[in-house]
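For reference, the structure discussed in these notes is given below.
Only the coordinates and a few stated rules stand behind these numbers; no lab work does. Note that the structure is predicted; figures quoted are calculated from it, not measured. Note that each Cβ is placed from the backbone with ideal geometry, even for glycine, and that neighbours are counted across all protein chains shown.
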């Protein structure tokens with residue numbers, strides 16, 4: 001199957017590999033795991049692209065600066 005979005009395709013391929021590696025093990029909290037894995041590098045890239053400017057990074061991400069700070073703290077990315 002061909003996906004128009006390369007990020008979507010990448011996530012799908014990795015999830016398929018994850019499920020294959022699990023074998024008969026029952027997965028739990030998959031959505032939270034994926035969101036957590038994707039969110040951290042997205043935050044890091046936004047901060048890199050804005051040279052650490054949290055206001056600009058928050059705007060780029062479409063969230064408030066307060067929400068950004070909470071997410072940075074949750075991922076141990078506070079400066």
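Helix 65-74 versus the longest principal axis of the chain: what angle, 0 to 90°, nearest 10, using Cα atoms?
50
Take the alpha-carbon centre of segment 9-24, take the same for segment 36-76, and report the distance between them in whole Å.
Here the answer is 27 Å between Cα centres.
For 67, 25, which order do you get if you count the other beta carbons within 10 Å of each Cβ and list the fewest first?
25, 67
How do 76, 24 line up, fewest other C-beta atoms within 10 Å first?
Lowest to highest Cβ neighbour count: 24, 76.
Rounded to the nearest 500 deg cm²/dmol, what is the calculated helix-only ellipticity per residue at 222 nm for the chain, with -39500 (n - 2.57) per DSSP H run of length n ≥ 4?
Helix-only estimate at 222 nm: -22500 deg cm²/dmol.
With the cut-off at 1.5 for a/c, could you classify the chain from its C-alpha gyration tensor as rounded, prolate or oblate?
prolate
Between helix 30-49 and the chain, what is the angle of the helix's C-alpha long axis to the longest principal axis, kept within 0 to 90° and rounded to the nearest 10?
So the inclination is approximately 40 degrees.
Assuming R0 = 30 Å, can you tell me the calculated FRET efficiency for the pair residue 59 and residue 30, based on Cβ-Cβ distance, to the nearest 0.05?
FRET efficiency, residue 59 to residue 30: 0.50.
Need one number: nm distance between label points at residue 11 and residue 51, each 7 Å from Cα along Cα→Cβ, rounded to one decimal.
In this crude label model, residue 11 to residue 51 measures out at 3.1 nm.
Round to the nearest 10 and give me the degree value, 0 to 90, for the angle of helix 6-22's Cα axis relative to the longest principal axis of the chain.
For 6-22 against the chain, the angle is about 50 degrees.
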